[in-house]
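Student: Sending over a structure as structure tokens; questions will come in a sec.
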Amino acid sequence: MIVISYTKNSIQLSGHACQAPKGKDIVCAGVSAIFFGSLSWFKAKDIKLIYNKKNNGVKLELINKTKTNQQYLGLIVKQLKPMAYDFKKYIKLSKGK
């Protein structure tokens, strides 16, 4: 299962959907496309990416917490919500503190 937790200043993804065999998992591909495709919205100096190989995780933290950057983060969550709804068995999306 992909576990996604977000706040107004960060988003963290971990796990693997295991919806299909490696290379055919549309859930993982969709989540990855949304997340990594959205990184181009941010200036490199405004974010920090932390990778965790142990849990197949990545965390995006805002360094520069501008309204625009927080809106970009919100847009990532907005795109992930329909996937989490359609693929409840494979994605858990929750708002952190």
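Student: Identify, from the list Y85, Y51, the residue that is in a strand (DSSP E or B), among the aromatic types (F, W, Y) and closer than 29 Å to K22 by Cβ.
Tutor: Y51
Student: Just to be sure before I move on: is S5 touching a residue at least 12 places away in the same chain (Cβ under 8 Å), among the hydroxyl-bearing types (S, T, Y) and open to solvent by 40 Å² or more (accessible area, probe 1.4 Å) in the structure I sent? It would help to see each step written out before you state the result.
Tutor: Working: touching a residue at least 12 places away in the same chain (Cβ under 8 Å): yes; among the hydroxyl-bearing types (S, T, Y): yes; open to solvent by 40 Å² or more (accessible area, probe 1.4 Å): yes.
Considered against the rule, which asks whether it is touching a residue at least 12 places away in the same chain (Cβ under 8 Å), among the hydroxyl-bearing types (S, T, Y) and open to solvent by 40 Å² or more (accessible area, probe 1.4 Å), S5 comes out as yes.
Student: Could you check the stretch 62-71 and list, in sequence order, the residues that are open to solvent by 70 Å² or more (accessible area, probe 1.4 Å) and either touching a strand residue (DSSP E or B) at 6+ places or on another chain (Cβ under 7 Å) or assigned to a helix (DSSP H, G or I) (or both)? If you could, list the steps in order and put the result at the bottom.
Tutor: From the stretch 62-71, those open to solvent by 70 Å² or more (accessible area, probe 1.4 Å) are 63, 65, 67, 71; that's our starting set.
Within the stretch 62-71, I63, K67, Q71 qualify.
Student: Which residues, taken from the stretch 72-91, are closer than 19 Å to N9 by Cα and either β-branched (V, I, T) or surrounded by 12 or more Cβ atoms within 10 Å (Cβ to Cβ) (or both)?
Tutor: Y72, L73, G74, L75, I76, V77, Q79, L80, K81
Student: Can you tell me which residue within the stretch 8-39, out of those that are open to solvent by 40 Å² or more (accessible area, probe 1.4 Å) and under 14 Å from the mean Cα position of the chain (by Cα), is nearest to G74 (Cα to Cα)?
Tutor: That would be K8.
Student: Could you tell me which residue of the stretch 40-61 is nearest to L75 (Cα to Cα), considering only residues that are small (G, A, S) and open to solvent by 60 Å² or more (accessible area, probe 1.4 Å)?
Tutor: Per the stated criteria, the residue is S40.
The values are calculated or read from the model by the stated rules, or taken from the named source; none is laboratory data. All figures in this text were calculated on a predicted structure; none of them were measured in a lab. Neighbour counts are summed over all protein chains in view; Cβ atoms, including those assigned to glycine, are modelled from backbone coordinates with ideal geometry. When the accessible area is computed, the model is the full protein with side chains, heavy atoms only, and any ligands, DNA or RNA have been set aside. Shrake-Rupley method; radii C 1.70, N 1.55, O 1.52, S 1.80 Å.
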